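The structure appears below as structure tokens.
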Amino acid sequence: MLEANGYKTIQMFPLQRGRRLRVNESIRSLVRETTLSPSDFMFPMFLAEGENVEVAIPSMPGIYRRSIDLTVKEVQEIYALGIRAVNIYVKAAESLKDNTGKEAWNPNGLMQRAIKAIKAACPEMVVMPDVALDPYSIYGHDGIIENGAIANDTTNDALVKMAVSHAQAGADFVAPSDMMDGRVLRLRQGLDAAGFHQVGIMSYSAKYASAFYGPFRDALDSAPREADVVVPKDKKTYQMDYANRIEAIKEALWDVEEGADMVMVKPGIAYLDIVREVKNAVHVPVTVFHVSGEYAMIKAAAERGWLDHDKIMMEQLMCIKRAGASLISTYFAKEAAILLNK
């Protein structure tokens with residue numbers, strides 16, 4: 001009798017041979033425990049002002065900041081491939097940034113106009129705009145600075161205004177990535193008070209203070225900055241310590257209790273143990289963000305011939321799904337969907 005991790009089995013070789021189930025691809029496909037489809041993916045998209053604007057992001061080959069017209073075209077293309085969700089971000093003009101983040105709830109802001117345009121052109125696409133102040137902050141932080149620190153409750157007030165403006169524009173879900181305490185409850189209360197009972201919340205519940213976000217911050221110019229006042233030098237006072245595991249479960253459970261419809265673990269591949277822990281703990285869908293640094297590493301290694309790009313891409317996505325992801329936010333979404341549709 002063999003026992004491992006609670007599973008018991010009797011070793012009966014040569015009567016039992018595991019390789020019988022691996023003889024060829026047809027058999028392997030019959031017994032495969034995990035599968036991928038384009039509807040498992042959410043595509044993160046970056047927005048820019050103007051028309052017919054497409055700006056390459058050097059640290060993320062194949063990813064662009066696009067104006068609304070080109071973003072809508074891309075949304076229609078990926079919907080045709082079977083992708084059913086987009087997570088959208090804006091790069092705000094410097095002139096619009098301050099410490100309050102007030103541009104974040106401008107009804108005529110770039111984010112709000114983009115949501116309206118996407119929903120008009122592709123009504124069935126699920127739109128999940130990012131809710132955080134860092135694209136609009138003169139300091140590059142996810143919250144408002146008061147007395148040299150991130151003011152949690154003041155920031156939550158701003159996030160509610162932001163989320164309601166997204167709902168008014170037509171968002172299906174709001175996606176708070178800020179990691180303020182209590183913001184899911186405040187968002188749920190704010191959305192409900194405004195009449196948006198059906199707008200969901202996909203909470204970044206276990207978002208770690210990770211170095212894997214570097215290319216993303218290049219895309220949005222959202223890294224913490226030097227300032228003429230005292231500000232935190234990094235985001236470690238609100239994003240989680242990557243040494244911690246139990247804290248992630250606690251944060252996810254709190255968010256569910258506060259009204260989150262989905263929870264997220266971010267980053268992905270380096271945190272698959274956390275994905276499984278959270279999946280086992282909650283009874284809502286778990287989203288995993290396969291982040292910019294993870295994307296960039298595969299691209300860079302493949303460009304040098306060190307790895308097979310498509311094989312590594314699909315292996316990592318499959319591993320994220322196997323770990324417990326219901327939805328994978330990934331910059332590989334379009335490329336993976338094309339492969340899966342062949």
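Close amide H contacts of residue 268 (hydrogens built in the peptide plane, cut-off under 5 Å, sequence separation of 5 or more or a different chain): 291. Accessible area per residue for the chain is 47 Å², calculated with a 1.4 Å probe on protein heavy atoms, without ligands, DNA or RNA.
One decimal place: the segment residue 147-residue 192 gains 13.0 nm when fully extended, by the rule 0.36 nm per residue minus the C-alpha distance. Relative contact order, whole percent, for the chain stands at 17, derived from Cα pairs under 8 Å and 6 or more residues apart. The phi-based Karplus calculation (6.51 cos²θ - 1.76 cosθ + 1.60; θ = phi - 60°) puts the 3J(HN,Hα) values of segment 50-57 at x, 10, 6, 9, 9, 10, 5, 9 Hz, whole numbers, x for Gly and Pro.
With a Förster radius of 35 Å applied to the C-beta separation of residue 300 and residue 54, the computed FRET efficiency comes to 0.95. Stretched out straight at 0.36 nm per residue, the stretch from residue 39 to residue 161 would grow longer than its current Cα-Cα span by 40.9 nm. Helix 183-193 and the longest principal axis of the Cα set of the chain meet at an angle near 70°. For segment 18-52, the residues whose backbone nitrogen is under 20 Å from a point 7 Å from the Cα of residue 319, taken along Cα to Cβ, are 32-37, 40-42. From the alpha carbon centroid of segment 302-342 to that of segment 148-220 is 27 Å. Of 157, 40, the order by accessible heavy-atom surface (1.4 Å probe, DNA, RNA and ligands excluded), from most exposed downward, is 157, 40. Considering the zone a paramagnetic label at residue 261 would reach in this model (a point 7 Å from Cα along the Cα-to-Cβ line), which residues of segment 284-327 have amide N under 17 Å from it? Once the point is set 7 Å along Cα→Cβ of residue 261, 284-288, 326-327 turn out to lie under 17 Å by backbone N, inside segment 284-327.
By accessible area of protein heavy atoms, probe 1.4 Å, what ranking do 261, 153 get, highest first?
So the residues, ranked largest to smallest area, are 153, 261.
Surface composition of the chain: carbon and sulfur atoms hold 53% of the protein heavy-atom accessible area at a 1.4 Å probe.
Ordered by solvent-accessible area of protein heavy atoms (1.4 Å probe), largest first, the residues 96, 191 come out as 96, 191. Remark: segment 112-126, residue by residue, has Karplus-estimated 3J(HN,Hα) of 5, 5, 5, 4, 4, 5, 5, 5, 5, 7, 9, x, 7, 6, 7 Hz, where x stands for each Gly or Pro and the curve is 6.51 cos²θ - 1.76 cosθ + 1.60 at θ = phi - 60°. The phi torsions of segment 25-32, fed into the Karplus equation with coefficients 6.51, -1.76 and 1.60 and a -60° offset, translate into couplings of 5, 4, 5, 4, 5, 5, 10, 5 Hz, rounded to whole numbers, with Gly and Pro shown as x.
Using a simple spin-label model with pseudo-atoms 7 Å out from Cα toward Cβ, residue 95 and residue 245 lie 5.2 nm apart. Residues within the reach of a label modelled at residue 312 (point 7 angstrom out along Cα to beta-carbon, backbone nitrogen below 17 Å), restricted to segment 282-303, are 290-303. The Kirkwood radius of segment 127-215, taken over pairs of alpha-carbon atoms, gives through the Stokes-Einstein law at 10 °C and 1.306 mPa s a diffusion coefficient of 119 µm² s⁻¹.
For the pair residue 121 and residue 19, a Förster radius of 41 Å applied to the C-beta separation gives a FRET efficiency near 0.20, rounded to the nearest 0.05. Using a probe of 1.4 Å, the accessible surface attributed to residue 8 totals some 140 Å² when neighbouring protein chains are kept in position.
A probe of 1.4 angstrom, applied to the heavy atoms of all protein chains, finds residue 314 with accessible area near 40 square angstrom. Loop sites here are GluC sites (Glu not before Pro) outside DSSP states H, G, I, E and B with no more than 12 other Cβ atoms within 10 Å. The longest part of the chain free of them is 227-342. Between residue 342 and residue 30, the distance separating the two model label sites (each 7 Å from Cα on the Cα→Cβ line) works out to 2.6 nm. Shown here: volume of the Cα convex hull per residue in Å³, derived from the displayed model; of the candidates (1) 122; (2) 139; (3) 154, it corresponds to (3).
The values are calculated or read from the model by the stated rules, or taken from the named source; none is laboratory data. Given the structure is predicted, the values throughout are model-derived calculations rather than measurements. Positions of Cβ are backbone-derived with ideal geometry, glycine not excepted, and every protein chain shown enters the neighbour counts. Calculation scope for accessible area: heavy atoms of the full protein, side chains included, ligands and nucleic acids excluded. Shrake-Rupley method; radii C 1.70, N 1.55, O 1.52, S 1.80 Å.
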